[in-house]
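Mind having a look at this structure? Questions to follow.
The values are calculated or read from the model by the stated rules, or taken from the named source; none is laboratory data. In this text the structure is predicted, and so the values were computed from the model without any measurement. Neighbour counts run over all protein chains shown; Cβ positions are idealised from the backbone, glycine included.
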Ligand SMILES: [Zn+2]
């Protein structure tokens with residue numbers, strides 16, 4: 001009935017677009033997934049020929065093995081080899097923005113082009129001037145995670161973030177403890193520890209990484225997937241990180257391995273969502289990266305305001321309220337500032353009340 005009414009109203013001449021408040025969407029849950037510093041090159045083109053064929057500057061240790069895994073003749077086949085679930089299943093059920101070759105543009109708005117300024121922009125709807133470094137300080141503005149929890153009057157554990165990088169303990173909230181966050185090398189509190197989490201929770205302290213603040217994405221995903229099943233959050237954020245760190249280490253083989261694990265993570269989370277009557281058909285996924293990185297064989301390892309490519313990103317929105325268009329071939333330009341308002345629109349919440357300077361929702365993400 002409600003749907004009929006909306007269709008009729010929508011058809012009235014001069015009725016204009018329905019206000020977000022009047023809109024009836026199917027989405028009841030949102031899962032936000034970020035993957036740190038995964039370039040457009042890899043998302044849209046798979047293994048980069050420049051890097052695969054230059055082991056000296058890409059740091060690839062076993063070129064033959066890497067080629068067997070991820071090298072194919074066309075960019076389309078390469079991206080499907082690297083990200084088979086993303087391109088084979090998810091992309092068809094939503095929109096993927098940012099393929100610059102198709103004149104689809106997504107950029108960061110903050111002037112820094114590295115992680116915390118990017119995540120602050122994503123989670124607050126605008127660049128945050130106070131965030132100029134990756135220092136572990138709390139968000140200067142309420143985050144979209146905190147706002148959804150407050151507006152929907154949810155207990156803290158119903159809005160949750162499970163993240164590989166420790167600084168997310170500060171990035172995801174203005175007020176410590178206002179949402180559930182487990183990030184970096186951090187044990188899950190006994191209250192939330194399920195039998196399925198036990199091995200990953202313990203392994204994180206034994207199978208360490210080269211970085212003190214970043215645990216393996218496998219640990220994050222394993223804990224996240226169990227948390228999703230056991231706590232059934234209303235809004236869930238999973239932040240993976242290894243792609244960026246292996247990039248800085250100049251190990252392109254490991255970057256591709258981490259990108260492929262990101263794809264596997266999406267498959268795992270999606271399978272959990274589809275197996276649950278609570279989530280199935282009522283959950284939207286928002287997936288993006290926080291910044292780009294250099295385009296060349298010399299600067300691909302890094303990303304700064306001076307390195308071209310560092311501001312170039314991509315966003316995918318998948319779910320029941322999003323047109324099944326896959327990759328968009330439009331002249332549209334978007335920014336990561338629009339992610340917060342997009343999430344809020346799924347819940348029927350007003351992004352201007354959240355933050356008067358919040359960027360608008362991504363129009364292409366809605367039918
Ligand atoms: Zn980085």
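Taking residue 256 as the residue in question, decide whether it is under 19 Å from the mean Cα position of the chain (by Cα), more than 24 Å from residue 68 (Cβ to Cβ) and either surrounded by 21 or more Cβ atoms within 10 Å (Cβ to Cβ) or within 16 Å of the ligand (Cβ to nearest atom) (or both).
It is false that residue 256 is under 19 Å from the mean Cα position of the chain (by Cα), more than 24 Å from residue 68 (Cβ to Cβ) and either surrounded by 21 or more Cβ atoms within 10 Å (Cβ to Cβ) or within 16 Å of the ligand (Cβ to nearest atom) (or both).
Mind listing whichever residues of segment 168-183 are crowded, with 21+ Cβ neighbours inside 10 Å and part of a loop (DSSP other than H, G, I, E, B)?
172, 173, 179
If you take the residues in segment 89-108 that are part of a helix (DSSP H, G or I) and either without any contact (Cβ under 8 Å) to a residue 12 or more places away in the chain or out of contact with any helix residue (DSSP H, G or I) (no Cβ under 9 Å at 6 or more places or on another chain) (or both), which one is farthest from residue 285 (Cα to Cα)?
Result: 92.
Under the condition of being surrounded by fewer than 21 Cβ atoms within 10 Å (Cβ to Cβ) and within 16 Å of the ligand (Cβ to nearest atom), which residue from segment 192-245 is nearest to residue 135 (Cα to Cα)?
Result: 213.
Does residue 284 fit the bill of being under 25 Å from residue 234 (Cα atoms), surrounded by 21 or more Cβ atoms within 10 Å (Cβ to Cβ) and within 18 Å of the chain's Cα centre (by Cα)?
Taking the combined requirement at face value, the residue satisfies it.
If a residue has to be touching a strand residue (DSSP E or B) at 6+ places or on another chain (Cβ under 6 Å) and under 30 Å from residue 62 (Cα atoms) to count, how many in segment 244-283 make the cut?
Residues in segment 244-283 being touching a strand residue (DSSP E or B) at 6+ places or on another chain (Cβ under 6 Å) and under 30 Å from residue 62 (Cα atoms): 2 in total.
Turning to a different aspect of this structure: Please specify each residue of segment 66-88 satisfying the condition of being outside any loop (DSSP other than H, G, I, E, B) and either free of Cβ contacts under 8 Å to residues at least 60 places away in the same chain or touching a strand residue (DSSP E or B) at 6+ places or on another chain (Cβ under 9 Å) (or both). Explain how you work it out, then say what you get.
Initially, segment 66-88 is screened for residues outside any loop (DSSP other than H, G, I, E, B), giving 66-70, 75-82, 84-88.
Listed by number, the residues that qualify are 67, 68, 75, 76, 77, 78, 79, 80, 81, 86, 87, 88.
Additional query: Which members of segment 135-162 meet the condition of being closer than 26 Å to residue 233 by Cβ and part of a loop (DSSP other than H, G, I, E, B)? So that I can check it myself, show each step before the final result.
Here is the first cut: in segment 135-162, the residues closer than 26 Å to residue 233 by Cβ are 136-162.
Within segment 135-162, 136, 137, 138, 139, 140, 141, 142, 143, 152, 153, 154, 155 qualify.
Listed residues 151, 103; which is at pLDDT below 95 and surrounded by fewer than 18 Cβ atoms within 10 Å (Cβ to Cβ)?
Only one candidate qualifies: 103.
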